[in-house]
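Data block below; observations after.
FYI, it's all coordinate maths here, none of it is from the lab. What you see is a predicted model, and the numbers here were worked out from it, not measured in a lab.
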Amino acid sequence: MIKISDAILAASGMALLLMPLHAAAGTLSLPKDATIAVQAVDSLTLAGGETRLDDILLRPAGGAVEASHELPEYCVLVGDARQDGDRLRITTKSLTCIETDGGDSDIYSGSLSAAGYELDGSYGIVACDGERCELDADHVFHLKLASALEIEEQDNPSARINEQRRQANGAGIANPIPAERPDPDDM
């Protein structure tokens, strides 16, 4: 029987805690109540009796503000916004993320249940004045997850094609070694 020292176990446990929670071991994972900083892809406007916008696009705000967790840099979140007094109530329904590492990329796509909060922790986004709501694309806010997020890595056919192309000495299927033939221009 192999005996593992307490120091090795402690170091291993610490390393696991320090790993980013997203995209570890082929799964995009975030705990319930995690907060992520986001912003709208384009400015949003509700006016003229409109009280709801469906299928709005959001993206991670990166290191712009403090949040408990981060998504990969290349993510698009889809949600809905509705006016509620002086606030926009934003909820999400799905996301698609691409995690890149050198020439490799992992794709994650699935459901996401989260709600928008101002950075001060108040529910909803202050963006409405009377019957008009405007949310600028540079306005950063938090999304707070209503449930844990666990999305398995999706199949990535382009990664397999790129891997075949990168095989050494022209051995890849998409990059065969050309046959020895005379150059047609030399004839």
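Assorted remarks:
- The alpha carbon gyration tensor of segment 71-170 gives principal lengths a ≥ b ≥ c with a/c of 1.5 or higher and a/b greater than b/c, which makes the shape prolate.
- Prolate is the label for segment 28-68. Its Cα gyration tensor axes, ordered a ≥ b ≥ c, give a/c of at least 1.5 and a/b above b/c.
- For segment 73-79, the Karplus equation 6.51 cos²θ - 1.76 cosθ + 1.60, evaluated at θ = phi - 60°, returns couplings of 4, 9, 9, 10, 10, 10, x Hz by residue, with Gly and Pro reported as x.
- Residues whose amide H falls under 5 Å from that of Gly110, counting only those 5 or more places apart or on a different chain, are Leu95, with hydrogens built in the peptide plane.
- For Asp84, the amide hydrogen comes within under 5 Å of the amide hydrogens of Arg89, counting only partners 5 or more places away or on other chains and with H modelled in the peptide plane.
- Under-5 Å amide H pairs with Val41, H placed in peptide plane, nonlocal only: Leu57, Leu58, Arg59
- A simple rule links phi to the HN-Hα coupling: the Karplus curve 6.51 cos²θ - 1.76 cosθ + 1.60 with θ = phi - 60°, which for segment 129-144 gives 9, x, 9, 10, 10, 9, 10, 6, 5, 8, 6, 8, 9, 9, 10, 10 Hz, with x for Gly and Pro.
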